[in-house]
Amino acid sequence: MTALTLDAPRTALVIIDLQVRIVGMEIGPHTGADVVRRSMRLADAFRETGGLVVIVQAERPGVPEQPPGSELVEEMAPRPGDLLITKQAWNAFHETGLHDKLRGQGIGAMVLTGIATSAGVESTARVASDHGYELLLPHDAMSSFTTEMHEFAVAKIFPLLGTVCTTDEVIAATRAGD
């Protein structure tokens, strides 16, 4: 595989739904803890190189109080300069203003991580592709309800939308642009 290229200041790392109850589910092929750890490595690399970190949190619509465990895992607490998006649909764009916020900052590319590969991550990837964003999809920084669902999205859907890669490849690309 040829080395990835990434222009950090015009790329957003979008981390999907790393909330306590979601990270704690039985998922595959990667554990929730592995997805959080790899997403944090990516977030650190993005912050170091001037990339935007977007943390997406799901919220159930029309519910006065969210279910227990709806809060972000501690590691995902937004830091200064990060963008927090609260979504009420599968994808992070629907009625959140995310597209306008990204374009307003000159963002034209996106790296997607999170849970679940075949739900929030895939849905966001499809809409991002429709909006013309270049996509990098580190398959080891996401997981799904089953290993089979993850593998299907990674093998069959994601190559149509962007570049399937690894966390290490994305981190190397962020540092190569320094």
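Here are a few things to note about the model shown:
- V53 satisfies every condition listed in (1) under 19 Å from A92 (Cα atoms); (2) out of contact with any helix residue (DSSP H, G or I) (no Cβ under 6 Å at 6 or more places or on another chain) except (2).
- Taken together, the residues in region 147-178 that are farther than 22 Å from R47 by Cβ and surrounded by fewer than 16 Cβ atoms within 10 Å (Cβ to Cβ) amount to 6.
- Of all residues in region 1-52 being touching a residue at least 40 places away in the same chain (Cβ under 8 Å) and among the hydroxyl-bearing types (S, T, Y), the one that is surrounded by the fewest Cβ atoms within 10 Å (Cβ to Cβ): T5
- Scanning region 81-100 for residues that are of a type in the set (S, T, Y), under 21 Å from L160 (Cβ atoms) and touching a strand residue (DSSP E or B) at 6+ places or on another chain (Cβ under 6 Å) turns up nothing.
- Any hit, region 54-72, residues being surrounded by 16 or more Cβ atoms within 10 Å (Cβ to Cβ) and under 22 Å from V164 (Cβ atoms): yes
- Looking across region 137-167, the residues that are of a type in the set (S, T, N, Q), within 17 Å of the chain's Cα centre (by Cα) and farther than 20 Å from V127 by Cβ come down to S143, T166, T167.
- Verdict on T117 being of a type in the set (V, I, T) and in contact with a helix residue (DSSP H, G or I) (Cβ under 6 Å, 6 or more places away or on another chain): yes
- Test for R21: is it in contact with a Ser or Thr (Cβ under 7 Å, 6 or more places away or on another chain) and either at pLDDT 95 or above or more than 24 Å from T174 (Cβ to Cβ) (or both): yes
- Which numbered condition K87 misses (of (1) surrounded by 13 or more Cβ atoms within 10 Å (Cβ to Cβ); (2) at pLDDT 95 or above): (2)
- When region 12-57 is filtered for residues that are in contact with an Asp or Glu (Cβ under 9 Å, 6 or more places away or on another chain), farther than 15 Å from S118 by Cα and part of a strand (DSSP E or B), the ones remaining, listed by number, are Q19, L52, V53, V54, I55, V56, Q57.
The values are calculated or read from the model by the stated rules, or taken from the named source; none is laboratory data. Note that the coordinates shown come from a computational prediction; the quantities given were computed from them, not determined experimentally. Positions of Cβ are generated from backbone atoms using ideal geometry, with glycine treated the same way; all protein chains shown enter the neighbour counts.
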